[in-house]
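I have placed the structure first, in the form of structure tokens, so that the comments after it can refer back to it.
What follows draws every value from the coordinates through simple rules; no lab data is involved. This structure is a prediction, so every number in the text was calculated from the model and none was measured. A quick note on method: Cβ atoms are made from the backbone with ideal geometry, for glycine too, and the neighbour counts reach across all protein chains shown.
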Amino acid sequence: MEDKNIMNEKKDCTDKAGAPVPVRFLEGKKVYLRPIDTGDTEAYFQQLFQPETRKLTGTQKHFTRNQIERYIEGKTQDTSSILLLIALTETDEVIGDIALQDIDSYNRSAGIRISIDSNRNQGKGCGTEALNLMLDYGFGIVNLHRIELNVFAYNERALHVYEKIGFKKEGVQKEALYYNHKYHDSILMAILEHEYRQLHGL
């Protein structure tokens, strides 16, 4: 009986072609969030080098595939952050990543960041849903009190999304980023647990 149960468990974890079925850690209607592993190295590497992704995240450095693989390995062991991939619910296509980072259990605070990998996946509500999934997890499971983020002033679409979700502007870091021959401001935004619960009727 034990061997049979093991076989059934293995069968349930694969699709009709025998490929592993992605774990849906946090699931919404449009997207779900799943853990990252070293098998995602190439996809993560390609996403990082998309020009639009580099601009919106302010990425300035160059990374090799080996560096990305080591980064992923490190994140799976890092208790101060939770890095998840964003995948489309219908197709399992990975379209970005989201992370709670610098988790401070004493002050119950953390930062959050998100990246959607191309214009064809932006403006469809996928990022908004991914953010709400992670915020719900952060406040409802991780027991955070405050979640903050930084967004560059030229990323107007993201600013609108964050404000719509409930983040409030707290300050501006003047000319904090040098990118493409110009200095750009970085805007600090945050949301508190009671603000999130009030918005969602929790």
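Considering only the Cα atoms of the stretch 65-109, their convex hull presents on average a projected area of 4.1 nm². Each label point was placed 7 Å from the Cα along the Cα-to-Cβ direction; for D185 and V172 their separation is 0.1 nm.
Each Lys and Arg Cβ is given +1 and each Asp and Glu Cβ -1; about its Cα centre, the stretch 23-200 then shows a dipole of about 400 debye. Sorting the segments 172-181, 140-149 by their mean number of nearby beta carbons within 10 angstrom, highest to lowest, gives 140-149, 172-181.
Around T128, with a cut-off of 14 angstrom between Cβ atoms, what is the net charge of the other residues, counting Lys and Arg +1 and Asp and Glu -1?
With Lys, Arg at +1 and Asp, Glu at -1, the net is +2.
Among V94, V151, the ranking by other beta carbons within 10 Å of each residue's beta carbon, starting with the fewest, stands as V94, V151.
So, by mean Cβ neighbours within 10 angstrom, what's the order for 22-29, 40-47 with the highest one leading?
40-47, 22-29
Pairs spanning more than 24 Å between alpha-carbon atoms, out of K29/K164; K30/K61; K124/K168; K29/K169; K61/K174: K30/K61; K29/K169.
Could you work out the mean projected area of the convex hull around the alpha carbons of the stretch 23-200, in square nanometres to one decimal? All intermediate terms of the calculation are to be shown ahead of the outcome.
Numbers: hull surface 40.8 nm².
That works out to 10.2 nm², a quarter of the Cα hull's surface.
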